[in-house]
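The next block holds one structure in the form of structure tokens; read it before the comments.
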Ligand code: SF4
């Protein structure tokens, strides 16, 4: 599909709302997958969280309004965050509120690695990864969070590969062939990805391959921000189950959504970014490589993949 031209959300309030929604979905998803016990807040705790002071600022200065929503001024004004530990004792909802507040205080236009949780929680150790991934695929198969995509897709494409992969490739979204077969990276770009994997002495069966979104956008257009926000919780749950050592983001859309940055792939590629206990390497999307099949482009991708392999070997 077309090389991603990611459009990160431009409205910070909406973006923070998406993060909070993703966090909520993730906690609920983890609970369903048996990864974490999510205790519902008692009515008294919810009431206490609502009435608690949101930060050390005077109310006129604080961007958090009575409904716990953030104003634009808050997003621009760094200030002290509430005591997360105290919130953690209160309820998961209060924790989500505290994290939202902290994120709002530190929003930065450059890379913001949302390192809220690390992969590899103790609870995840005992999960049957095949079953947990199959459960996500089953949810994806009936998902209609994005009405347009749900109406136009032939198949959902949750991703495939080893549940124990040390390396996960994340692309933008399914193309025509992927939509037809229900498998990620099986078109021309997929063939090139196979060669890229083999170039570092691995096989497709040893890695996991998936996308930011699980349904093909019409005419292979770039996913809309709300579509990516809708679908990211599925990807986060997959990564939590697989717990890779290295994640390779293929192309600008995947890199930008994973790292929450506005920077382009040319600037991002070639180095690692810490990502929830794993290392994330952005590189060019195979579709871009096919369109720019020059020695220089191929050399850059190969260099990136060599670094990926070295990081995998080091993490053994
Ligand atoms: S793209 Fe993801 S969130 Fe949107 S309908 Fe498909 S599976 Fe659901």
Item to check | Test set (1) in contact (Cβ under 8 Å) with a residue 40 or more places away in the chain; (2) surrounded by 20 or more Cβ atoms within 10 Å (Cβ to Cβ); (3) under 12 Å from residue 173 (Cα atoms) - residue 228 fails condition number | outcome: (1)
Checklist entry - In the set 249, 254, which member is within 16 Å of the ligand (Cβ to nearest atom), within 13 Å of the chain's Cα centre (by Cα) and under 26 Å from residue 299 (Cβ atoms)? => result 254
Item to check | Scan of the stretch 124-147 for residues that are within 11 Å of the ligand (Cβ to nearest atom), in contact (Cβ under 8 Å) with a residue 12 or more places away in the chain and not in a loop (DSSP other than H, G, I, E, B), ordered by number | outcome: 136, 137, 139, 140, 141
Next on the checklist: If I filter the stretch 211-220 down to residues being touching a residue at least 60 places away in the same chain (Cβ under 8 Å) and part of a helix (DSSP H, G or I), which single residue comes out as surrounded by the fewest Cβ atoms within 10 Å (Cβ to Cβ)?
Outcome noted: 218
Checklist entry - Looking at the stretch 257-278, which of its residues are touching a residue at least 60 places away in the same chain (Cβ under 8 Å) and within 25 Å of residue 162 (Cα to Cα)? => result 257, 258, 259, 273, 274, 275, 276, 277, 278
Checklist entry - So which residues in the stretch 269-309 are closer than 11 Å to residue 245 by Cα and in a helix (DSSP H, G or I)? => result 308, 309
Item to check | Residue tally, condition part of a loop (DSSP other than H, G, I, E, B) and either surrounded by fewer than 24 Cβ atoms within 10 Å (Cβ to Cβ) or within 12 Å of the ligand (Cβ to nearest atom) (or both), over the stretch 168-181 | outcome: 3
Checklist entry - Hey, among 233, 223, 244, which residue is assigned to a loop (DSSP other than H, G, I, E, B) and within 16 Å of the ligand (Cβ to nearest atom)? => result 223
Checklist entry - Quick one: which of 150, 189, 184, 228 is over 19 Å from residue 311 (Cα atoms), out of contact with any helix residue (DSSP H, G or I) (no Cβ under 9 Å at 6 or more places or on another chain) and either in the same structural domain as residue 260 (by TED's automatic domain parsing) or in a strand (DSSP E or B) (or both)? => result 150
Item to check | Residues of the stretch 199-220 satisfying the condition of being over 16 Å from residue 250 (Cβ atoms) and either away from the ligand (no atom under 16 Å from the Cβ) or more than 21 Å from the chain's Cα centre (by Cα) (or both) | outcome: 201, 203, 205, 206, 218, 219
Checklist outcome for this item: Filter the stretch 155-164 for residues that are assigned to a loop (DSSP other than H, G, I, E, B) and away from the ligand (no atom under 12 Å from the Cβ); the one that is surrounded by the fewest Cβ atoms within 10 Å (Cβ to Cβ) is 164
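The values are calculated or read from the model by the stated rules, or taken from the named source; none is laboratory data. From a predicted model like this one, the values you see are computed outputs, not experimental measurements. Please note: Cβ atoms are built from the backbone with ideal geometry, for glycine as well, and neighbour counts cover all protein chains shown.
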